[in-house]
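If you scroll down you'll find the structure; I have some questions about it.
The values are calculated or read from the model by the stated rules, or taken from the named source; none is laboratory data. Treat the numbers as computed from the prediction; the structure is a model and nothing was measured. Cβ sites come from the backbone with ideal geometry, for glycine too, and all protein chains shown count toward neighbours.
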Number of protein chains: 2
Amino acid sequence: MTPAPSGPAAPTLEDPVPATRLGGDLPFASPEEAAALVPATATLLVSGFGGVGYPKLVPEAIAAADEERELTVVSGGGVGDEIDRDLVESGDMARRYPFVPNETSRGAANDGRLAFHDRHISRLADEVRFGGLRAGMRGETIAVVEAVAVGPDWLVPSTSIGHTPAYVGAADRIVVEVNRAQPLDLARVHDVHVRDDPPNRSPIPLDDPLGETGGPAVRFDPEKLAAVVETDRPDDPYEFREVSATDEAIAANLGEFLEAELDRNPLLADAVNLQFGVGSLGNALMGALADVDFGDREVAYVGEVVQDGLLDMLDAGDLRGASATSLALSSEGQDRLFADVERYAEDVVLRPADVSNAPELIDRFGVVGVNSAVEVDLYGNVNATHIGGTRVVNGIGGGGDFARNCRLGVVALPSTAVGGDVSRVVPLTPHVDHSEHDASVVVTEHGVADLRGRSPRERAEELIAVADPSFREDLEAYRARADDGGGNTPHHLPSAFSWNSTDT
Amino acid sequence: MTPAPSGPAAPTLEDPVPATRLGGDLPFASPEEAAALVPATATLLVSGFGGVGYPKLVPEAIAAADEERELTVVSGGGVGDEIDRDLVESGDMARRYPFVPNETSRGAANDGRLAFHDRHISRLADEVRFGGLRAGMRGETIAVVEAVAVGPDWLVPSTSIGHTPAYVGAADRIVVEVNRAQPLDLARVHDVHVRDDPPNRSPIPLDDPLGETGGPAVRFDPEKLAAVVETDRPDDPYEFREVSATDEAIAANLGEFLEAELDRNPLLADAVNLQFGVGSLGNALMGALADVDFGDREVAYVGEVVQDGLLDMLDAGDLRGASATSLALSSEGQDRLFADVERYAEDVVLRPADVSNAPELIDRFGVVGVNSAVEVDLYGNVNATHIGGTRVVNGIGGGGDFARNCRLGVVALPSTAVGGDVSRVVPLTPHVDHSEHDASVVVTEHGVADLRGRSPRERAEELIAVADPSFREDLEAYRARADDGGGNTPHHLPSAFSWNSTDT
């Protein structure tokens, strides 16, 4: 038996805040020394989600080193420039999963220089462990993760959890970056439940979306801890664009729909568990929820990321609380949360991404999910990831987890793109992320298309009614042409992509 | 309080077989009398899954009646001619969910005469209860379900469970057909767990796929029981086609892949939980599994339907047991099972379809799922439902539940259709049921395309290698043309459907 490592024990649910950021006899290293541990061919499993909580100095040092590497990089979700810009520009990143919100890595994927595939967030932890990324996991597996504190066999994550628990479990060696720019009290928001393995996996032990199961500590085998690097570099977080008149019109239509649904859907009789997708539109919609009359119902956010709009709702007392895997706030939002983290921690809980996005919990909590898209077609198929069917933007992220498993799914999007020149309601999406089986309700600034129970032909009618008026005639013409060929889902394939054939 | 209804109590897990088929003071009716209870506009929630266990005499009597009706018909899965032929031909069926394996209802859907939409099996129970079929649920809701026994507030399902528990719970009134053609001992195979409601829904209390949670009884409000009809008409079950040389070649490739995976995947170290899709190919593949060397591992079937191939495996001692929602056997298979139901019941358990197909259980049991498809495209998008992108065949059924949630998903299909004239590996599927995010491994008679961890460009290479040799050159030419346009998922949209533009 290995003797217990020296140093303080891991913090717990009852006593979540570690006494010190650096507990015990740790293998301190400079970023360059830690970078040198990474072989020429390796798989880096990095922390980070929603652009925060990612390691910064070690990836930067790998990129700066003379050594040429061929790395697979797997993150939880979106990360910063030190990973998705620097490692691409240095030529060290050969493969990437599951998300590319950064323009450099996205550009490389679209040019065929970076082997990228976007994966469902909920499944990634298992995919890393059970061969789901088989061709991509090459060489030694090294977890490089950010923490606010570390001990000999534990760490406390920083501004996101993502898949850190699974990644340190799966890694051959572990490198931890301890970030002093983030408050140690972040430990209060973390609730780390680690799932056991199939085929006798236990249910996730939560009966309330805001419930707590564990403490803030991510445990690991102390033998694997290869380096601890200190830093005080802040995250490079989200910048939200200004709320537009279109956003406001979408929010108003969504609000009206939700109020009608509160009246008629027994699912929402006593409580409402809401999820909104990542991004500026999602953030704007969250903010607009303050205007919805939820009556006596308890309202909670049960999603993937905490964005600025949620802090507004929490401050206004409109929300019972929020469960997510990342604090994907703007710089101002981070300042606001960090200044008052002990208070926010009473209502906010971060979980591993395979818990926040677990199909099982989204189902059990009856989540109402609102997600955006690139475009939607006449039958409710949703393209959430590819411009013109070919050029990836970001990746599917958790959109599929929520679209599939929530009890009421809404796709919210503006009816046009490119300043009104391109319709986002199209005859046939050239890429499908959420199929017609997963789309229930589509909201644009022109209204609500309630697809529930409608046949494909009826769906087309509903969707044309929420398209931009200047495109409705052309959509009707396509529909008439398609009807000639018959079928439960009529199409005229030779002209189905005539709207997509130019670069949008 | 309503006084307890008179009659025998419901059978239990300990004492599953009712003493009598007809217990207590029941509202007996002729098929015609029961049919007369159905108003001109109504929603029929019918039992049946995999072509068995559906009500026969009452739908037939509705179709035969002079009254003109406008009915929505919601089944669990596939049902027989009395529903999907007679009610369509009589003009009484206006809307249909979630499946049309019958040529009459399928034809009506494809001609636009029947409003049809295919839905995920796992979600249907909740959709019926929480507005998921909103536009389609019209008029009074009447459950018409087959049973082998009925009491004043309970029934025991016959050859399938499907969504019967949810349907009798959601219905305004209940009509039960008691079928004497099926052995009362079928009670021994049923395990009825009824899920509670979100947003505080409990996990499904199973830690073993063959575990038992309840008895064979489906409970209902005795006030709702409107009619009990007796019958001895047998099911009109599946006919499997002969196993072809192509099936055998696919089975051999699948077997080889599974054996390699047993060696390398920790998921399968101790036990293997397998699911196979419904149909002749699925049945043939199941039968072929007897040749796979599973070593000391315990192997169970954890799927949707028990087909004849599974009985062979059970008889050979190759399986620990099977969990499903339907005994979708051929006539010979039914005879074989009925003759020895007490013995088979030791190893076979039927569950409600929202349990057999629950994402939560498919995940927790680490299921290896093998499903078929109409076609697959160069990037792993799977069309499982639409010929030529327009004409529906059957519907998605439980394919999406397993493709999304199983830990290892295999799509098994012949490389060609129409006697070799049409490739089933195409540039772009004109309909997508399982997206590229859900496809891991594709098996044809020409080999195995292991897509795990591969970028879209790499996937195309893998998939062309398992296409029929006579189509590979054309697929390569498409790929080269697509590459010119760039993108993470290269396409040449103007020619993407040139292969699909004729009727296949």
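Can A:Val441 be described as in the same structural domain as A:Glu261 (by TED's automatic domain parsing) and under 30 Å from A:Ala109 (Cβ atoms)?
For A:Val441, the condition - in the same structural domain as A:Glu261 (by TED's automatic domain parsing) and under 30 Å from A:Ala109 (Cβ atoms) - is not met.
Further question on the same structure: I need a count of the residues in the range A:405-425 that are outside any loop (DSSP other than H, G, I, E, B) and touching a strand residue (DSSP E or B) at 6+ places or on another chain (Cβ under 7 Å).
9
Does at least one position in the range B:369-388 carry a residue that is in contact with a Gly (Cβ under 7 Å, 6 or more places away or on another chain), within 10 Å of B:Thr429 (Cβ to Cβ) and in a loop (DSSP other than H, G, I, E, B)?
yes
Suppose we keep only residues that are hydrophobic (A, V, I, L, M, F, W, C) and touching a helix residue (DSSP H, G or I) at 6+ places or on another chain (Cβ under 6 Å) within the range A:9-37. Which one would you say is farthest from A:Val229 (Cα to Cα)?
A:Val17
Could you please find all residues in the range B:362-405 being more than 9 Å from chain A (Cβ to nearest Cβ) and among the small types (Gly, Ala, Ser)?
Matches in the range B:362-405: B:Gly369, B:Ser372, B:Ala373, B:Gly380, B:Ala384, B:Gly395, B:Gly397, B:Gly398, B:Gly399, B:Ala403.
Listed here are the residues, each with its yes/no results for (1) within 21 Å of A:Ser455 (Cα to Cα); (2) free of Cβ contacts under 8 Å to residues at least 60 places away in the same chain.
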site: B:Arg391; (1), (2): yes, no
site: B:Gly395; (1), (2): yes, no
site: B:Gly399; (1), (2): yes, no
site: B:Arg404; (1), (2): no, yes
site: B:Ala412; (1), (2): no, no
site: B:Gly420; (1), (2): no, yes
site: B:Ser423; (1), (2): no, no
site: B:Pro427; (1), (2): no, no
site: B:Val432; (1), (2): yes, yes
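Which condition number does B:Asp235 fail, the rest of (1) acidic (Asp, Glu); (2) buried (at least 22 other Cβ atoms within 10 Å of the Cβ); (3) over 21 Å from the mean Cα position of the chain (by Cα) being met?
Every condition holds for B:Asp235 apart from (3).
Also: Taking helices (runs of 4 or more DSSP H) that do not extend beyond the range A:55-142, which have at least 3 residues that are out of contact with any strand residue (DSSP E or B) (no Cβ under 8 Å at 6 or more places or on another chain), surrounded by fewer than 24 Cβ atoms within 10 Å (Cβ to Cβ) and more than 9 Å from chain B (Cβ to nearest Cβ)?
Output list reads A:57-64, A:103-110.
Tell me whether the range A:253-261 contains one or more residues that are touching a helix residue (DSSP H, G or I) at 6+ places or on another chain (Cβ under 8 Å), touching a residue at least 12 places away in the same chain (Cβ under 8 Å), closer than 29 Å to A:Asn102 by Cβ and small (Gly, Ala, Ser).
no
A:Ala125 - would you say it is at pLDDT 95 or above and farther than 27 Å from A:Asp197 by Cβ?
no
Being in contact with a Phe, Trp or Tyr (Cβ under 8 Å, 6 or more places away or on another chain) and either surrounded by 24 or more Cβ atoms within 10 Å (Cβ to Cβ) or part of a helix (DSSP H, G or I) (or both) is the filter here, so list the residues in the range A:431-452 that pass it.
A:Glu436, A:Val443 - these are the residues of the range A:431-452 that are in contact with a Phe, Trp or Tyr (Cβ under 8 Å, 6 or more places away or on another chain) and either surrounded by 24 or more Cβ atoms within 10 Å (Cβ to Cβ) or part of a helix (DSSP H, G or I) (or both).
Hey, another quick one. Go through the range A:441-451 and give me each residue that's within 12 Å of another protein chain (Cβ to nearest Cβ) and either at pLDDT below 95 or in contact with a Leu (Cβ under 6 Å, 6 or more places away or on another chain) (or both).
The one that is within 12 Å of another protein chain (Cβ to nearest Cβ) and either at pLDDT below 95 or in contact with a Leu (Cβ under 6 Å, 6 or more places away or on another chain) (or both): A:Ala449.
Counting only residues that are of a type in the set (A, V, I, L, M, F, W, C) and either part of a helix (DSSP H, G or I) or on the phi > 0 side of the Ramachandran plot (or both), how many does the range A:453-469 have?
So the count comes out to 3.
Do we have A:Pro490 as buried (at least 18 other Cβ atoms within 10 Å of the Cβ) and either within 12 Å of another protein chain (Cβ to nearest Cβ) or at pLDDT below 95 (or both) here?
So A:Pro490 passes the test.
I'd like to check something: does the range B:257-274 contain any residue that is away from chain A (no Cβ under 14 Å) and at pLDDT below 95?
Taking every residue of the range B:257-274 in turn, none turns out to be away from chain A (no Cβ under 14 Å) and at pLDDT below 95.
For the range B:404-416, which residues satisfy the criterion of being touching an Asp or Glu at 6+ places or on another chain (Cβ under 8 Å) and within 11 Å of B:Ala373 (Cα to Cα)?
Selection gives B:Leu413, B:Pro414, B:Ser415.
Mind telling me which of the residues B:Leu22, B:Leu13 ends up being outside the structural domain of B:His190 (by TED's automatic domain parsing) and either closer than 23 Å to B:Ala135 by Cα or surrounded by fewer than 15 Cβ atoms within 10 Å (Cβ to Cβ) (or both)?
B:Leu13
Just to be sure I understand the filter: pairs with C-beta atoms under 7 Å, separated by 6 or more residues or on different chains, first member in the range B:204-229 and of a type in the set (S, T, N, Q), second member modelled with pLDDT of 95 or more. Which pairs pass?
If the second residue must be modelled with pLDDT of 95 or more, the pairs left are B:Thr213/B:Asp191; B:Thr213/B:His193; B:Thr213/B:Pro205; B:Thr213/B:Leu206.
Let me ask something else. Of the residues A:Glu458, A:Glu462, A:Glu473, which single one is more than 12 Å from every other protein chain (Cβ to nearest Cβ) and over 30 Å from A:Asp118 (Cα atoms)?
The match here is A:Glu473.
So, of the residues in the range B:174-187 that are in contact with an Asp or Glu (Cβ under 7 Å, 6 or more places away or on another chain) and buried (at least 20 other Cβ atoms within 10 Å of the Cβ), which turns out to be farthest from B:Gly151 (Cα to Cα)?
Selected residue: B:Asn179.
Could you please find all residues in the range A:150-174 being in a loop (DSSP other than H, G, I, E, B) and touching a helix residue (DSSP H, G or I) at 6+ places or on another chain (Cβ under 8 Å)?
The answer is A:Pro152, A:Asp153, A:Ser158, A:Thr159, A:Ile161, A:Gly162, A:His163, A:Ala171, A:Asp172.
Right, here's the next one. Any chance the range B:415-423 includes a residue that's over 21 Å from B:Glu458 (Cβ atoms), in contact with a helix residue (DSSP H, G or I) (Cβ under 7 Å, 6 or more places away or on another chain) and modelled with pLDDT of 95 or more?
no
So which residues in the range A:208-245 are among the β-branched types (Val, Ile, Thr) and either touching an Asp or Glu at 6+ places or on another chain (Cβ under 9 Å) or modelled with pLDDT under 95 (or both), if there are any at all?
Within the range A:208-245, A:Thr213, A:Val228, A:Val229, A:Thr231, A:Val243 qualify.
Of the numbered conditions (1) over 23 Å from A:Arg407 (Cβ atoms); (2) in contact (Cβ under 8 Å) with a residue 40 or more places away in the chain, A:Glu304 satisfies every one except a single condition; which is it?
Against the list (1) over 23 Å from A:Arg407 (Cβ atoms); (2) in contact (Cβ under 8 Å) with a residue 40 or more places away in the chain, A:Glu304 comes up short only on (1).
Please work out if B:Leu428 is assigned to a helix (DSSP H, G or I) and within 14 Å of another protein chain (Cβ to nearest Cβ).
no
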